[in-house]
Amino acid sequence: MKIDVIIPVHRPGAELLELLDRLNGQSLLPRRIIIMNTRSKVQVEKILADRENVSVVSLEREEFDHGGTRDRAARLSDADYLLFMTQDALPADEYLLERLFRPFSDRRVKAAYARQLPREDCRELERYTRSFNYPKESRIKQLTDLPELGIKTFFCSNACAMYERATYLSQGGFIRRTIFNEDMIYAGGLVKSGYAIAYAADACVIHSHNYSGREQFRRNFDLAVSQVDHPEIFSGIASEGEGIRLVKKTAAHCLRIGKPWLLFPLVWQSGCKYLGYKLGRSYRRLPRGLVLFCTMNKAYWK
């Protein structure tokens, strides 16, 4: 049983070296780590030259695509399982790969994703969002869960997610050109094909962001664009309800911990998310200039 790790990187710093060290200290070791490096002033090839199980594939900035770049790396591998990570997600302990692999003993499971824990500098609202999206309880999700979970049935994050490679190839892999959300698009296809996705709560990475309101706006704009572009996955599955539930629970949390002033940034950030999402749902009717202002991934529109 062989596991290859795939990590797209852009202008990496010391965190990439720490990530590689932690991966090579796992109880279940990766066979190979494939770095998909978007060329920049940082010469990743030289930095990683002395690491025996690391290979670097360099590509131009305009070549990068959230789905296409990862799929290209997947087809360079002959491993049994593929673990996709981002350069800023760090294994919380030495058992990440072992615990992420464990759910595949259930033959229904063809993908498994890790729990994401907040960084030390994570702000309170984002810290609660992490606990909402990544609870303490593990779960296996399949098509019969759609009435209960809605769009979260398809939730899977390539910040740290493992896939069975044979099924990945038979399903066609990640969409080759997508603005964002390649993980949920693929996961949705898996579920609709009768397979299951595992959320492995005991497999943990440290990964969080302190996004500004503008960044939340742009991120949700691109999220909505991806949903509009893939009706075969998302048609008829509303996601606004899950967002409203998160806002209500976050507001209750702020009051419960005695920090009512956090309601003001909550309203601001939630408004930015909602406006970005609504504009993204209507992106085909918007002027090109407005689309370029709203998007997080301007290269996608060239």
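Computed values, structure above
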| read-out | value |
| --- | --- |
| Which of Y211, W268, L223, positive extreme of dipole for the range 183-302 (C-beta unit charges) | W268 |
| The range 104-178, accessible surface, carbon-and-sulfur percent (1.4 angstrom probe) | 49 |
| Lys, Arg +1 and Asp, Glu -1 on Cβ, resulting dipole of the range 208-248 about Cα centre, debye, nearest 20 | 260 |
| Order by protection proxy (mean Cβ within 10 Å, highest first), peptides 205-216, 230-241 | 205-216, 230-241 |
| Accessible-area value, R281, 1.4 Å probe, nucleic acids and ligands omitted, Å² | 110 |
| Cα-based helix-to-principal-axis angle, 240-256 vs the chain, degrees rounded to 10 | 80 |
| Share of carbon and sulfur in the accessible heavy-atom surface of the range 213-302 [1.4 Å probe, %] | 63 |
| Over the chain: helical MRE at 222 nm, DSSP H runs n ≥ 4 each giving -39500 (n - 2.57), nearest 500 | -11500 deg cm²/dmol |
| P(r) weight above 34 Å for the chain, C-alpha pairs, percent | 19 |
| Assigned charges on the beta-carbon of Lys, Arg, Asp, Glu; the chain dipole about Cα centre (debye) | 1000 |
| Over the range 109-191, relative contact order from alpha-carbon pairs under 8 Å, at least 6 apart, % | 37 |
| Rel. contact order, % - alpha carbon contacts under 8 angstrom, at least six apart, the chain | 20 |
| In order through the range 167-184: 3J(HN,Hα) via Karplus (6.51 cos²θ - 1.76 cosθ + 1.60), integer Hz, x for Gly, Pro | 5, 3, 5, 5, 7, x, x, 5, 4, 6, 9, 8, 5, 4, 6, 4, 5, 6 |
| Point-charge dipole on Cβ atoms (K/R +1, D/E -1) for the range 1-131, about Cα centre, debye to 20 | 380 |
| Degrees, to the nearest 10: 14-23 long Cα axis against longest axis of the chain | 60 |
| The range 78-217: antiparallel DSSP beta bridges as a percent of all, rounded to 5 | 60 |
| Vicinal HN-Hα couplings computed from phi for the range 266-278 (Karplus, 6.51 cos²θ - 1.76 cosθ + 1.60; Hz; Gly/Pro x) | 5, 5, 4, 5, 5, x, 5, 4, 5, 5, x, 5, 5 |
| Solvent-accessible surface (1.4 angstrom probe) belonging to I257, in square angstrom, nearest 10 | 70 |
| Mean separation of Cα contacts under 8 Å (6+ apart) over length of the range 158-302, as relative contact order % | 32 |
| DSSP-defined beta bridges in the chain - what % are antiparallel, rounded to 5 | 35 |
| Whichever lysines have a C-alpha closer than 24 Å to that of K298, once near sequence neighbours (fewer than 8 apart) are set aside | K41, K273, K278 |
| Gaussian network model of the chain, Cα within-10 Å springs - most flexible of A252, A14, A159 | A14 |
| Å² of accessible area per residue within the chain, as computed with a 1.4 Å probe and no ligands counted | 48 |
| Linear extension gain, S170 paired with A14, 0.36 nm per residue minus alpha-carbon span | 52.5 nm |
| Signed unit charges on C-beta, dipole axis of the chain, positive-most listed residue L292, T38, S157 | L292 |
| From phi via Karplus (6.51, -1.76, 1.60), per-residue ³J(HN,Hα) for the range 215-228 in Hz, x at Gly/Pro | 5, 5, 4, 5, 5, 6, 4, 5, 4, 5, 4, 4, 6, 5 |
| Distance between the range 159-194 and the range 281-302 - C-alpha centres, whole angstrom | 25 |
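The values are calculated or read from the model by the stated rules, or taken from the named source; none is laboratory data. Just so it is clear, the structure is predicted and the values come from calculations on it, not from any experiment. Heads up, the Cβs are rebuilt from the backbone with ideal geometry, glycines too, and the neighbour counts pull from every protein chain shown. For the accessible areas, the whole protein counts, side chains as well, though only heavy atoms, and no ligand, DNA or RNA atoms are used. Shrake-Rupley method; radii C 1.70, N 1.55, O 1.52, S 1.80 Å.
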